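One structure is given here, and the rest of the page talks about it.
The values are calculated or read from the model by the stated rules, or taken from the named source; none is laboratory data. These numbers come from a predicted model, not from an experiment. When we count neighbours, we look across all protein chains shown, and the Cβ atoms used for this are built from the backbone with ideal geometry, even at glycine. The area values use the complete protein model at the heavy-atom level, side chains included, leaving out ligands, DNA and RNA. Shrake-Rupley method; radii C 1.70, N 1.55, O 1.52, S 1.80 Å.
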Amino acid sequence: MTFTDPKDSEPGAENDKRNAGKSSTDESRAEEASAGERVIAGRITQAAQQAMLRQRRGLEQPEPSLGSRLGQMGILGWTIVLPTLLGLVLGHWLDRHFASGVFFSAPLLMIGAAVGLWSAWKWMHRQSRSQGS
């Protein structure tokens, strides 16, 4: 015959023994959950700060108007077209002067286009730097 302690025979005593082992895992899960919540809260805070910075930057430096954008496209277009046309005119004049067909026109057209595209590239980078700072 085995003797059982009357305290152990109470209905809640067995649950207390089982829950004693679970309490440490429950605590670690709670710590993990709170750590995860802190990470999420930190990310939300960071996103809110970035949104505020974007909004402040937008108020300080508003988007250029449509007229300003069209003007930039016009400048960009002429920056490419003008050297190309100058190369073509010079090549055509040299071809007529030396009676050489398109010997000068074709290469000077390509050189003019390359100079125009390079100038446009440099102008765009200057514009982006001046607007960024």
Does the stretch 31-53 contain any residue that is closer than 30 Å to S119 by Cα, modelled with pLDDT under 95 and not in a loop (DSSP other than H, G, I, E, B)? no
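Would you mind finding the one in A106, A113 that is under 30 Å from Q131 (Cβ atoms) and at pLDDT 90 or above? Write out each step before concluding.
On the way: A106 fails: under 30 Å from Q131 (Cβ atoms).
That would be A113, the only listed residue that is under 30 Å from Q131 (Cβ atoms) and at pLDDT 90 or above.
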Those residues of the stretch 57-95 which are under 16 Å from K122 (Cα atoms), in contact with a helix residue (DSSP H, G or I) (Cβ under 9 Å, 6 or more places away or on another chain) and open to solvent by less than 80 Å² (accessible area, probe 1.4 Å), in sequence order: Q72, L76, G77, T79, I80, V81, P83
